[in-house]
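Peer 1: For reference, the structure I am asking about is given below.
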């Protein structure tokens, strides 16, 4: 745990285009997952679990041919129910 907090920068994909592993789990990130992560063409492993992220997973991540593992674990509000 690094205790990073706040939103993941929207332009993160432009900062690290050749990154292979991005492990951001167990922090205090909030907000949505940036769609620019989908432009990281070399990314093989993305771990965003155990943060405070909300929203949906961007469709750009679904078209990443190099991505082998996407780990997300969203916290559901107590009032939410899974049917």
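Read the figures in this text as sums done on the coordinates, not as results from a lab. In this text, all values refer to a predicted model and were calculated from it rather than measured experimentally.
Peer 1: Quote the relative contact order of region 5-71 in percent (integer), defining contacts as alpha-carbon pairs under 8 Å separated by 6+ residues.
Peer 2: Relative contact order comes out at 35 percent.
Peer 1: Moving to a separate point now. Just to be sure I understand, if you calculate P(r) over Cα pairs in 10 Å bins from 0, in percent for this structure, which of (i) 15, 38, 32, 13, 2; (ii) 18, 52, 25, 5, 0; (iii) 17, 46, 29, 8, 0 do you get?
Peer 2: It is the value labelled (ii).
Peer 1: Shifting gears a bit: Suppose the chain between residue 66 and residue 14 were pulled fully straight at 0.36 nm per residue; how much longer would it get relative to their current alpha carbon spacing? Please list the in-between numbers first.
Peer 2: Values: separation 52, 0.36 × 52 = 18.72 nm, distance 1.68 nm.
Length gained, residue 66 through residue 14: 17.0 nm.
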